[in-house]
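Visitor: One structure follows; several queries about it will come next.
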């Protein structure tokens, strides 16, 4: 009797184990007989909820459950692990630059057979972000064409004109320093891989190219070196600050009106509004400066696509969902109201009827400027299968260069080496460009 | 092993009689050093509380220790975020840390008692294996644990965070030390002679003596589980199951194009620290008992 | 490392073995839940990690978008880890960090514990709780709040130094960085170690102090000559924790990293492991480095325990 209670207690302590069987992971569920399907969807950002709600309302038979698995970095790392465990969601948001890594990682499924209708909805430049080797791996959701967010109020105070070329930008930076030594026109952020890549692409760089079976990596090509030298000059002369972005330090400077502009992408104004909501009405949007006067080339910084995963048992419905939220008027309307700039042409058209966003109520032509910018995007920018490695190597190399005041061009060479070495190790055919 | 075994055990053989000491006049310098240490530890905590009263604009524009005007708005925003996700995270943390540390304390106590009070083949091997477990970095195990959880279909569930946190080599080790020190063999023998079963001897005789030690283990486990980040971060992908640490982290690590929600993270941190401090203050009284009370009353 | 040589455990454990045959099954039943969990959640994952460390993700199939798949690659990952300057330099930084963090954590914990135990201090209850509270602050938040206190524009310390005409202190660059990172760990860890030492101090028989006091010893002399030697085992225990904690330092530099250009993703070994596993999607390499780190930790711990036994107890 007593012995039995002992055994029972031991068993109770191991209760957790026996209960294993009662709990199952709840990824996607469905009934085999064509009843309602539930898709799981990983996405981040404020726009997702509205888009998913719109879909769910219009599609009672295919319900979507959205989960926030973290921002781009966390989410893509988890997608790779979950795929290896055959546990990935049906649909997921993936940033354009990580899509190739998701393809070679076996995450993104080829949805060419479901996605042909969607192609017409996007410019060739945007579509090239999701089509590789003739196969379609995703539907573009939002785009981040380069743009200049600037503090119009401070520009006026200091008598600075909005620069249209990078040469003018450098002159303006000097003028800002001269007029108010505590302020800086812009920050060179050594960890902003995406920002640097966009500027290099704008200058004509092609970091990864495919020729048949072979990859060519040219992260330290002439155009990229030119961009590196440009920023090195500004940093060395102390004309712009070199420090990480969006830290408490940077935010405090922004709040004090000491950071006058942020050359980034269309989303930059929204980010600034999140940090300093009381400066709404001060900030405006302008086209990004050009490397050559008279040019209008704009590259992408950020932006993402929706992919169907190889783990999904409902690829067709999943692809339909991915296409619908990103091309239907309902999806685009939900997206725009959350402040995201749509990738689809209809969506971009729709923004023109909208009011300027909350951070720039004074700029009546905000969306016109945005559309003009996005119509000039550099076509056919391609990313490689190990952008994650490039990104991480870039951050360390440029942080190091800024800390130790060494050459940015050498830092680029370090990144190039790391990327080529990693691709060789993985077994890709690769050559340095 | 003697170094570790005797780390806590002098307590038992030598009762401490603090009240019997003649009260001496407090000296300024030693007290000042102690209070300085306390201030050093409290200032950053005070900052969290002060900063949680700042509106998003004030956070970066006003003097660091100047109170702001946005406490109520921040709290409202915090509890409204993502349809009340913060509350959900708090409940999740309570489940993970609460249930996990209760089970962990029980499992550890039973194991520690067995290792301290029985001689049996394989005991030393088990003990050494457990000591080795103390030394392993959690990060090393997180991903293999994830892959294994996936194989048994539990990844992403509550179980995936709860189960691995029940096993605590350090807790078992501590319980063994406490059991060696606090449960005299004579008492165990006496119970056996009275005809009590092994289980009853453990439950009715040893357990009360082990209670102060169990409180310590519970507290350490609770704080550890409450603050655990990596395991839930790796295991979970549904924000509705996040504990507070991962939830607060997710407020700070947004994708590009979205600002970090510093204000929410800070006010969330302030709110989440408060119950822990309350628990520490409450459990403090058990430290006063040390181990002596348990050991001597027996 | 043999438990049977233990002075405290010896006689009692032997007494427990009084009547063999009657309860051979009981200890196994008591241990069963712990053992099952230990095997499932520690041993099996360790085995899996070792297995993974012998594998690698390699492109299979032709074309520029061939899939990366797991294959057996032998000891390549160990070679890579042991020849990686990123990984090895991390140990150098770890040393610099540990030289600051370990002695200060232990020293402060010991001083505070002695002061709490001394008869000449007041405000004990308040101080004890206050010093323990940082232990309850999650690491993510601790680094964020220290970040605010370190960065020149938001730091209240800058306000003071600037008023004195000293400019701002670059907490997050140069060699100051090591102190700043260590400070977060010290801040969070002193209370925990203090409690361990304090619990041990409370166990010293009052007669011992009284005797010394009657001989005219000051509180300081009592602390140094009577109390410290008696709590040496507790100090060894905390030293061991501090050392293991140092080898596994990861959270503080990781959360400070976005705020400065001075912390790389490979600043300490565990950060390199994390980068390889999560950022670079090279789980097998991370597993190999983990195995190396775990074996290293084990060796260092064993050596430390051996040394401590010889020094503090003379019973090795």
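Visitor: So which of C:62, C:96 is in contact with a helix residue (DSSP H, G or I) (Cβ under 7 Å, 6 or more places away or on another chain) and surrounded by fewer than 17 Cβ atoms within 10 Å (Cβ to Cβ)?
Guide: Step by step, each of C:62, C:96 is checked, and only C:96 is in contact with a helix residue (DSSP H, G or I) (Cβ under 7 Å, 6 or more places away or on another chain) and surrounded by fewer than 17 Cβ atoms within 10 Å (Cβ to Cβ).
Visitor: So if I check each of C:284, C:258, which one is touching a residue at least 60 places away in the same chain (Cβ under 8 Å) and in a helix (DSSP H, G or I)?
Guide: Among C:284, C:258, only C:284 is touching a residue at least 60 places away in the same chain (Cβ under 8 Å) and in a helix (DSSP H, G or I).
Visitor: Being without any contact (Cβ under 8 Å) to a residue 40 or more places away in the chain and buried (at least 24 other Cβ atoms within 10 Å of the Cβ) is the filter here, so list the residues in the range B:216-245 that pass it.
Guide: Scanning the range B:216-245 gives a single hit, B:227.
Visitor: Do you know which residues across the range B:109-122 are under 27 Å from the mean Cα position of the chain (by Cα) and more than 7 Å from chain C (Cβ to nearest Cβ)?
Guide: Within the range B:109-122, B:109, B:112, B:115, B:116 qualify.
Visitor: If you go through the range A:277-287 one residue at a time, do you hit one that is within 15 Å of residue A:189 (Cβ to Cβ), in contact with a helix residue (DSSP H, G or I) (Cβ under 6 Å, 6 or more places away or on another chain) and in the same structural domain as residue A:403 (by TED's automatic domain parsing)?
Guide: Among the residues of the range A:277-287, not one is within 15 Å of residue A:189 (Cβ to Cβ), in contact with a helix residue (DSSP H, G or I) (Cβ under 6 Å, 6 or more places away or on another chain) and in the same structural domain as residue A:403 (by TED's automatic domain parsing), which makes the answer no.
Visitor: When the range A:239-281 is examined, which residues are found to be assigned to a loop (DSSP other than H, G, I, E, B), within 7 Å of chain B (Cβ to nearest Cβ) and more than 19 Å from the chain's Cα centre (by Cα)?
Guide: Hits for the range A:239-281 are A:256, A:276.
Visitor: Still on this structure, please answer the following. With the checklist (1) more than 7 Å from every other protein chain (Cβ to nearest Cβ); (2) touching a residue at least 60 places away in the same chain (Cβ under 8 Å); (3) part of a helix (DSSP H, G or I); (4) farther than 24 Å from residue B:251 by Cα in hand, flag the one item residue C:157 doesn't pass.
Guide: (2)
Visitor: Is it the case that some residue within the range B:173-195 is within 28 Å of residue A:80 (Cβ to Cβ) and in a helix (DSSP H, G or I)?
Guide: No, the range B:173-195 contains no residue that is within 28 Å of residue A:80 (Cβ to Cβ) and in a helix (DSSP H, G or I).
Visitor: Still on this model: Please work out if residue C:228 is in contact (Cβ under 8 Å) with a residue 24 or more places away in the chain, within 28 Å of residue C:111 (Cβ to Cβ), more than 7 Å from every other protein chain (Cβ to nearest Cβ) and surrounded by 23 or more Cβ atoms within 10 Å (Cβ to Cβ).
Guide: no
Visitor: So, one more: Which of the residues that make up the range A:169-184 are touching a residue at least 40 places away in the same chain (Cβ under 8 Å), in contact with a strand residue (DSSP E or B) (Cβ under 9 Å, 6 or more places away or on another chain) and not in a strand (DSSP E or B)?
Guide: A:169, A:173, A:176, A:177, A:183
Visitor: For the range C:47-59, give me each residue that is facing another protein chain (nearest Cβ under 8 Å), under 27 Å from the mean Cα position of the chain (by Cα) and surrounded by 22 or more Cβ atoms within 10 Å (Cβ to Cβ).
Guide: C:49, C:52
Visitor: Further question on the same structure: Give the residues of the range A:38-96 that are part of a helix (DSSP H, G or I), in contact with a helix residue (DSSP H, G or I) (Cβ under 6 Å, 6 or more places away or on another chain) and either facing chain B (nearest Cβ under 10 Å) or crowded, with 22+ Cβ neighbours inside 10 Å (or both), sorted by residue number.
Guide: Scanning the range A:38-96 gives A:47, A:51, A:55, A:76, A:77.
Visitor: Do we have residue B:100 as under 30 Å from residue B:191 (Cβ atoms), assigned to a helix (DSSP H, G or I), touching a residue at least 40 places away in the same chain (Cβ under 8 Å) and more than 7 Å from chain C (Cβ to nearest Cβ) here?
Guide: No; evaluated as a whole, the condition is false for this residue.
The values are calculated or read from the model by the stated rules, or taken from the named source; none is laboratory data. On a predicted model such as this, the values are computed, not experimentally measured, just so you know. All Cβ positions, glycine included, derive from the backbone under ideal geometry; neighbour counts span all protein chains shown.
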